[in-house]
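Down below is the structure, laid out as structure tokens.
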Amino acid sequence: MPKENRGAKESADGSAPLRELLRVPVGERIDLAAYDAAATPGAPGKKAAGAAATARLAPDLAALQERLYAASTAGDRRRLLLVLQGMDTSGKGGTVKHVIGHFNPSGCRIRAFKAPTPQEKAHPFLWRVTQALPRPGEIGIFDRSHYEDVLIARVRSLVPGPELEDRYAEIAAFEKALTEDGVTLVKVFLHLSYEEQRDRLLERLDDPEKHWKFNAGDIEERALWPAYQEAYEIALERCSTEAAPWYLVPADRKWYRNWAISTLLGEHLAELDPRYPKGDFDVAECRRRLLSQ
């Protein structure tokens, strides 16, 4: 959270829901330099305790996912979309591996957004995102998302200024429409420090088995760190709304990242409180028929 503790919402006994602790303030100026990327707000302890707490969350997450999927078979249109954004090495892929692994993959829809294809470029920028949305009962995960179109586009000056400015309003309207259609949006910005990114990139260089993860272009992108931080600040400011808030998760500590995102998902799914649909058959009669065979 903020290094000077500005905006912290934790109650005296530490009982505030994590979503309140990590929520980006709506309508306020965001200064990422004021947030400690190694902080652990709301954590149940240090690394060992955090890892154990994450493991304990797994059964409840799996049960809530099953209930969400089951409810959709009776017409419940609700679904959840986890949006992951952050600098290279911030842990988007690690989140998919360690957090989404709690869920049944058949009920998940995972999409990693890369540079747009020629077909995608021929459509409005939100078109490809619309094609990848979760269906009723599903949990969707975006490894990068429609926010790339205001992040990279701003840093690299890929679109005219007026068009870029319009995109923030388009995103806010798009996300509001999603929430009105039964999508619970959990937008997570993985806040990584400049120093930690360097260490993680060096780890990839020093381990031949991780060379496949390294791209020389990452060094060029790292040189643009200040511009990317500014681009993220603007996106967080303009697109954190009451309907679809952003959550800032300190990402220097991988164990905390996993616990925090697992907890955020659990809180949102529990609030949805999906229910198993009632059977449309005579249970007693079906039992009698099976036992008579």
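The values are calculated or read from the model by the stated rules, or taken from the named source; none is laboratory data. These numbers come from a predicted model, not from an experiment. When we count neighbours, we look across all protein chains shown, and the Cβ atoms used for this are built from the backbone with ideal geometry, even at glycine. Areas reflect the complete protein model, heavy atoms only, side chains present, ligands, DNA and RNA absent. Shrake-Rupley method; radii C 1.70, N 1.55, O 1.52, S 1.80 Å.
Rounded to the nearest 500, what is the chain's calculated 222 nm mean residue ellipticity when only DSSP H runs of at least 4 contribute -39500 (n - 2.57) each, over all residues? Calculated at 222 nm, the ellipticity per residue is -14500 deg cm²/dmol. Across every direction, the projection of the convex hull enclosing the Cα atoms of the chain has a mean area of 19.8 nm².
Solvent-accessible surface of segment 213-282, taken per residue with a 1.4 Å probe and all protein chains present: 45 Å². When the Cα positions of PRO274, PHE113, VAL188 are compared along the charge dipole of the chain, PRO274 comes out farthest toward the positive end, with charges on each C-beta of Lys, Arg, Asp and Glu. For segment 114-215, averaging the sequence separation of C-alpha pairs within contact (under 8 Å, six or more residues apart) and dividing by the residue count gives a relative contact order of 12 percent.
Look at the alpha carbon pairs under 8 Å that are at least 6 residues apart: their mean separation over the length of the chain gives a relative contact order of 32 percent. Under the combined filter of DSSP loop state and at most 11 neighbouring Cβ atoms within 10 Å, segment 25-97 retains these trypsin sites (Lys or Arg not before Pro): ARG29.
Taking Cα atoms only, the orientation of helix 194-206 departs from the longest principal axis of the chain by about 80 degrees. For the chain, the share of DSSP beta bridges that are antiparallel, to the nearest 5, is 10%. Taken along the Cα-to-beta-carbon direction at a fixed 7 Å, the label points for TYR276 and ALA223 span 5.9 nm. Computed from point charges on the beta carbon alone (+1 for Lys and Arg, -1 for Asp and Glu), the dipole magnitude for the chain about its Cα centre is near 960 Debye. Solvent exposure of segment 101-201, expressed per residue, is 46 Å² of accessible area, with all protein chains present and a 1.4 angstrom probe. The distance between label points at THR130 and LYS46 comes to 5.2 nm (points 7 Å beyond Cα on the Cα→Cβ vector).
In order along segment 92-106, the phi-based Karplus estimate (6.51 cos²θ - 1.76 cosθ + 1.60, θ = phi - 60°) of 3J(HN,Hα) comes to 5, x, x, 5, 4, 6, 8, 9, 5, x, 6, 9, 6, x, 5 Hz; Gly and Pro are listed as x.
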